[in-house]
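Here is the structure we will look at.
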Amino acid sequence: MDYIVFDLEWNQCPYGKSQENEKLPFEIIEIGAVRMNENKEILDTFHTYVKPVVYRKIHFRTQQVIGLSMEDLRHGKRFVDAAREFLDFCGDDYRFCTWGSLDLFELLRNLKYYGMDDILEAPLFYDDVQKLFALTYETKNDRRALSYAADFLKLSRDGDFHHALDDAMYTARVLATIPDEIIRENYSVDYFKVPQTKDAELSIHYKTYTKFISRPFDLKEELVQDRRISAVHCFACNRIVRKKVRWFSLNSRVYISVGQCPDHGLVQSKLRVKKSEDGRVFAVKTTKLIDEEKLAEIRRHQAEVRKKRREKRKH
């Protein structure tokens, strides 16, 4: 299996959000990619400009960051042609790798806009090199800029950041430093194409946590009442456990609960409510084992939430 490390640059509506195309808020204008073999040796590169057709003027911030003008893009390829050439470059056996999750999401959104969304199968697993860098060199929750990682690893500055092929090359060079075990155990899944039926819902078991991705629901109220979503399962044995802390919301989209497994101890579930492309909502639920200190911290959060609600009702 090859690694396809890619980077995108995109434009947005130069006249503000009120005039943007809701189906395509970010239009891809540049694609850069590096193909690496399973030993993370560079085999080939790909680069193309894409001629804009939705936003025919470059947003001033886009031009400041990436330094491209409409004149640079005038002779670019149509997105349909550029996308087909890119996917042909990828080959038959590969996994996408990106710095963060946004580039893959925007690639899928642009493909859907042009009626090409069936080209890539769902669920789409990929490697988030930004996350892998954090797991290898810092902490799980750190999310650093690509330039930071390049400086941290003392990579030679052979290209400019915010140019698609240069960024893909830097990302590939960072990936080459990540141990195979960390890559293998910490793959990511894209949320653009969510499971559409109950049977297709995803349960992924990682080394220290599980992740569940639900089908979409019309209303958030329907989602949180679904038994498979509202139950707390033990990370270790997957049985449904008794709740010590019932679900409470940190905000309108994040909920936390804690259960007690008789064999494996305390289990925390965190539920994130996300919006799908068609306007419905779906759940991403992560579950892991915790200790008494973490339980006390969660109870403090719950007390603070209750206090704020009481104060709000008074006002």
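So which residues in the stretch 66-84 are open to solvent by less than 80 Å² (accessible area, probe 1.4 Å) and either free of Cβ contacts under 8 Å to residues at least 12 places away in the same chain or touching a His at 6+ places or on another chain (Cβ under 8 Å) (or both)?
Selection gives Ile66, Gly67, Ser69, Asp81.
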Checklist entry - When the stretch 1-51 is examined, which residues are found to be open to solvent by 70 Å² or more (accessible area, probe 1.4 Å) and closer than 17 Å to Leu73 by Cβ? => result His47, Tyr49, Lys51
Checklist outcome for this item: Listed by first then second residue, the pairs whose first member lies in the stretch 41-61 and is under 17 Å from Ala164 (Cα atoms), whose partner is of a type in the set (S, T, N, Q) and surrounded by 13 or more Cβ atoms within 10 Å (Cβ to Cβ), with beta carbons under 8 Å and at least 6 positions apart or on separate chains, are Pro52/Asn11; Ile58/Asn11
Item to check | Residue list for the stretch 117-137, restricted to those being open to solvent by 30 Å² or more (accessible area, probe 1.4 Å) and either in contact with a His (Cβ under 6 Å, 6 or more places away or on another chain) or of a type in the set (Ser, Thr, Tyr) (or both) | outcome: Thr136, Tyr137
Item to check | Number of positions in the stretch 81-118 that are farther than 26 Å from Ser147 by Cα and small (Gly, Ala, Ser) | outcome: 4
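Quick one: which residue in Asp7, Asp44, Asp81, Asp88 is over 23 Å from Ser188 (Cβ atoms), outside any helix (DSSP H, G or I) and modelled with pLDDT of 95 or more? Please lay out each step first, then the result.
Numbers: Asp7 fails: over 23 Å from Ser188 (Cβ atoms); Asp81 fails: outside any helix (DSSP H, G or I); Asp88 fails: outside any helix (DSSP H, G or I).
So the residue among Asp7, Asp44, Asp81, Asp88 that is over 23 Å from Ser188 (Cβ atoms), outside any helix (DSSP H, G or I) and modelled with pLDDT of 95 or more is Asp44.
Each row is one residue, and each column tells you yes or no for (1) under 28 Å from Met36 (Cβ atoms); (2) in contact with a Gly (Cβ under 6 Å, 6 or more places away or on another chain); (3) at pLDDT 95 or above.
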{"residue": "Val174", "(1), (2), (3)": "yes, no, yes"}
{"residue": "Glu181", "(1), (2), (3)": "yes, no, yes"}
{"residue": "Phe192", "(1), (2), (3)": "yes, no, no"}
{"residue": "Phe217", "(1), (2), (3)": "no, no, yes"}
{"residue": "Val245", "(1), (2), (3)": "no, no, yes"}
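Considering the stretch 91-108 alone, what residues qualify as being part of a helix (DSSP H, G or I) and open to solvent by 30 Å² or more (accessible area, probe 1.4 Å)?
Passing the criteria: Leu102, Phe105.
Quick grid of which residues meet (1) charged (D, E, K, R); (2) more than 17 Å from Thr171 (Cβ to Cβ):
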site: Ile4; (1), (2): no, no
site: Glu22; (1), (2): yes, yes
site: Ile29; (1), (2): no, yes
site: Glu71; (1), (2): yes, yes
Checklist entry - Where in the stretch 189-279 are the strands (runs of 3 or more DSSP E), entirely inside, with at least 2 residues that are surrounded by fewer than 19 Cβ atoms within 10 Å (Cβ to Cβ) and not basic (Lys, Arg)? => result 202-205, 242-251, 254-261
Item to check | Pair list, Cβ < 6 Å and 6+ apart or interchain, from the stretch 109-129 residues that are touching a residue at least 24 places away in the same chain (Cβ under 8 Å) and in a helix (DSSP H, G or I) to residues that are open to solvent by less than 30 Å² (accessible area, probe 1.4 Å) and not basic (Lys, Arg) | outcome: Asn110/Ile28; Tyr113/Leu24; Val129/Cys97; Val129/Thr171; Val129/Val174; Val129/Leu175
Next on the checklist: Within the stretch 291-299, does at least one residue satisfy the condition of being small (Gly, Ala, Ser), under 19 Å from Cys237 (Cβ atoms) and open to solvent by less than 80 Å² (accessible area, probe 1.4 Å)?
Outcome noted: no
Next on the checklist: Among the residues that make up the stretch 162-169, is at least one of them modelled with pLDDT of 95 or more and within 13 Å of Gly100 (Cα to Cα)?
Outcome noted: yes
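Give me a count of the residues in the stretch 164-188 that are in a loop (DSSP other than H, G, I, E, B) and within 24 Å of Ala122 (Cα to Cα).
So the answer is 2.
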Next on the checklist: When you check Lys51 against the structure, is it of a type in the set (D, E, K, R), more than 17 Å from Cys13 (Cα to Cα) and more than 23 Å from the chain's Cα centre (by Cα), yes or no?
Outcome noted: no
Checklist outcome for this item: (1) part of a helix (DSSP H, G or I); (2) closer than 27 Å to Val53 by Cα all hold for Ala134 apart from (2)
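The values are calculated or read from the model by the stated rules, or taken from the named source; none is laboratory data. Please read all numbers here as calculations on a predicted model, not as lab measurements. Every residue, glycine among them, receives a Cβ derived from its backbone with ideal geometry; neighbour counts consider all protein chains shown. With ligands, DNA and RNA removed, areas are computed over all heavy atoms of the protein, side chains included. Shrake-Rupley method; radii C 1.70, N 1.55, O 1.52, S 1.80 Å.
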